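Just below is one structure, and these are the notes that go with it.
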Amino acid sequence: MVKLNYSISKVWHTFTQLFREIKPCPSMDRNNYILSVLACMKDASYSPVQLQKILFLLERNISQKMGGPFFHFEPYHYGPFDKDVYREIDKLVATNDIVLYQQGYSNVNRYLLSEKGYHKGMDVFNSYNDEQKAYIKEVCAFVRSLSFEQLLNSIYKAYPEMKVKSIFSS
């Protein structure tokens, strides 16, 4: 566990350094922003918690340089949360840009870009500069690499103000 905490700290440091170098890009709407973020990892699916935390990290670190802010995260039961993330995802499911499914017998929703959503997202993603692309990929890979517990602990360590209303205890 000590090694994990060290690597998490190292990743946060790398994120912080990289985000300082990112240049602003033109504004865009929330749907295109979400599609572009999810398109960076083709065929990857995301849990609701992963989506919230990816968008939170991007919101906190680079969204203003990408035409944001897009969301307004507040402390909630499992860390940073914005109900508008789910509203936007529901819109993208309704337009067949995102596929909603349940994995196995867990009854936990998973989200995956449709082929149409992937192409729309890549059109936007390809408009970002190399630093923006790299940062988004790093955040998505980082969040997806952690268990639920590791993800929340890393968020709470880096953003302790997001733990205020948490019902999660590790």
Filtering segment 94-130 down to residues that are in contact with a strand residue (DSSP E or B) (Cβ under 7 Å, 6 or more places away or on another chain), surrounded by 15 or more Cβ atoms within 10 Å (Cβ to Cβ) and either over 15 Å from residue 39 (Cβ atoms) or β-branched (Val, Ile, Thr) (or both) yields 98, 99, 109, 110
Checking residue 3 against (1) of a type in the set (D, E, K, R); (2) closer than 30 Å to residue 104 by Cα; (3) modelled with pLDDT under 95, the condition it does not meet: (2)
Of 10, 53, 23, which residue is assigned to a helix (DSSP H, G or I) and at pLDDT below 85? 10
Per-region count, segment 115-146, residues more than 14 Å from residue 54 (Cα to Cα) and hydroxyl-bearing (Ser, Thr, Tyr): 3
Quickly run through segment 154-170 and pick out the residues that are surrounded by fewer than 21 Cβ atoms within 10 Å (Cβ to Cβ), in contact with a Phe, Trp or Tyr (Cβ under 9 Å, 6 or more places away or on another chain) and in a helix (DSSP H, G or I). 156, 157, 158, 163
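On the given criteria, is residue 65 at pLDDT 80 or above, closer than 24 Å to residue 128 by Cβ and touching a strand residue (DSSP E or B) at 6+ places or on another chain (Cβ under 9 Å)? Reasoning before the result, please.
On the way: at pLDDT 80 or above: yes; closer than 24 Å to residue 128 by Cβ: yes; touching a strand residue (DSSP E or B) at 6+ places or on another chain (Cβ under 9 Å): no.
When the stated conditions are applied, residue 65 does not pass them.
Restricting attention to segment 59-77, and to residues there that are touching a helix residue (DSSP H, G or I) at 6+ places or on another chain (Cβ under 6 Å) and crowded, with 16+ Cβ neighbours inside 10 Å, which single residue is farthest from residue 39 (Cα to Cα)?
Our first condition is that a residue be touching a helix residue (DSSP H, G or I) at 6+ places or on another chain (Cβ under 6 Å); within segment 59-77, this holds for 61-62, 69-71, 73, 75.
Pick out the ones that are also crowded, with 16+ Cβ neighbours inside 10 Å and you get 61-62, 70-71, 73, 75.
Values: 61: 19, 62: 17, 70: 17, 71: 19, 73: 22, 75: 27 Å.
Here the answer is 75.
The values are calculated or read from the model by the stated rules, or taken from the named source; none is laboratory data. Keep in mind that what you see is a predicted model, and the values were worked out from it rather than measured. Cβ sites come from the backbone with ideal geometry, for glycine too, and all protein chains shown count toward neighbours.
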